[in-house]
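The values are calculated or read from the model by the stated rules, or taken from the named source; none is laboratory data. Everything numeric in this text was worked out from a predicted model, so none of it was measured. Note that each Cβ is placed from the backbone with ideal geometry, even for glycine, and that neighbours are counted across all protein chains shown. Please note that ligands, DNA and RNA were not included when accessible areas were found on the heavy atoms of the full protein model with its side chains. Shrake-Rupley method; radii C 1.70, N 1.55, O 1.52, S 1.80 Å.
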Amino acid sequence: MDELVEITRDLVSISSHEDETEAGDFIEEWLRTETDAEITRDEVGNVIARRNAKTETDAELALVGHHDVVPPDESQVEDDRYVVEERDGRLYGRGTADMKGSVAASMLAFRDAEPTCELVFASFVAEELGGDGARHAVENGFSPDFAIVAEGSTNYSKDGVTDVVIAHRGRRASTITARGSAAHASEPEAGENAIYRACDAVDIVRDCEVPTVTVLDHDISGSVVATEIEGGSAWNVIPAGCEITIDERTVPGERADLEAVEEIEGVTWTVEQDLPPMECNDPDFADAVLAMATDAQDGEPKHVTKPHATDAGWLSQAGVTCVVCGASEPGEAHTKNESVGIDVLERCYRIYRDSAERL
């Protein structure tokens, strides 16, 4: 589909790691030109469009993406635009995989489908900053019944297929702060060593049991690990303070018991960020999207889980039944060689269009 490649190239070329406005302008203008949908652009920059199906159903299906990206490598920028190149059936450039290619496929599917339900398109801002755009939309009433979030699900079960994600992990970032009292290192008993207290807390983290839950017959496990440590002021001073950064990957409905570190004297635990996990709570919807994915490709896609948090977590937390299905492959996003297969974008277009027409 030449049109899909053209839209992807145009959208990818727009810088959107610091300011998503121009990318949002492009999406909004295209939707206004190409569709008769009801289109809104909220105060944070989210673009949301709605089409009313000529049916009696009240159900809403949303095709969801985001148009912000992470900062590009210097090789991906030229004259304040992102470089987009086509080679060997792939498009290269910042945001091709994560996730403007799938946004373009969603835009075309939204236009072309003859939906059997109320059809919604949404492209959010600030996903890479923790989902601020999705959170804003949810807080202001965005609540479709079902959503296909167009994050990566390609090559998860095996190479050459685009799978359907029925659960993904969340991320809880937290800080353990240990306080003690300073003293000269020649008299360590005169102080309280904050590093020792922090080490005791790390022992609890290391031994912490991480949960495993089952979603639609698929197990998904969490993880928890200390990733940074900072403390002390000089080689000859008993440290009065020490901080440990904790990265925890959460699963639906369960958390590691990190609060236990606060049982240590002088230790506190603070959550800095909490991106929710996602689980699909409707096996019929998950099976239906998988059927569309099967029809759209030669391979045999499967229901899979995903290790990364996406905006689907915020939607799922708000009661939206979600799956994740998109073109990005493991290892492509956020790299200086980021790319996406044109054939995979076409596959995703068919999945999104057929889902709107047949669910």
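A few comments on the model shown:
- Cβ-placed point charges (K, R +1; D, E -1), dipole of the chain about Cα centre in debye, nearest 20: 380
- A Cβ-based charge dipole, computed about the Cα centre of region 128-207 with Lys and Arg at +1 and Asp and Glu at -1, lands at about 100 debye.
- Anisotropy class of region 291-343 from Cα gyration tensor, a/c 1.5 cut: oblate
- Estimated FRET transfer efficiency when R0 is 41 angstrom, pair Val83-Glu114 (beta carbons, to 0.05): 0.65
- Dividing the C-alpha radius of gyration of region 43-171 by 2.2 N^0.38 Å, with N its residue count, gives 1.16.
- Cα pair distances exceeding 27 angstrom across region 229-359, given as percent: 43
- Per-residue SASA entry for Thr250, accessible area with 1.4 Å probe, Å² rounded to 10: 0
- Whole-number accessible area per residue in Å² for region 281-332, which is evaluated in the context of all protein chains at 1.4 Å: 38
- The radius of gyration of the Cα set in the chain, together with its Dmax, comes out at 23.0, 82 angstrom.
- Site pair Asp287 and Asp36 shows an inter-label distance of 3.7 nm when each label is modelled 7 Å from Cα along Cα→Cβ.
- Derived scalar couplings ³J(HN,Hα) [region 89-96; Karplus, 6.51 cos²θ - 1.76 cosθ + 1.60; whole Hz; x for Gly, Pro]: x, 10, 9, 10, x, 4, x, 4
- Listed residue (Gly141, Ala185, Gly170) projecting farthest to the positive dipole end of region 120-188, Cβ model: Ala185
- Applying both filters, DSSP loop and at most 14 other Cβ atoms within 10 Å, to the chymotrypsin sites (Phe, Trp or Tyr not before Pro) of region 254-331 eliminates every site.
- For region 211-260, accessible area per residue (1.4 Å probe, heavy atoms of protein chains only), Å²: 53
- Per-atom-type breakdown for the chain gives carbon and sulfur 42% of the accessible area (1.4 Å probe, protein chains only).
- Angle between the chain longest axis and helix 2-12 axis [Cα atoms, degrees, rounded to 10]: 30
- Exposed loop sites here mean GluC sites (Glu not before Pro) with a DSSP loop assignment and at most 10 other beta-carbon atoms within 10 Å; the chain contains its longest site-free run at 57-208.
- For Ser328, the residues whose amide H sits under 5 Å from its own are Gly152, Ser153, Thr154, ignoring neighbours fewer than 5 places away on the same chain, with H placed 1.01 Å from N.
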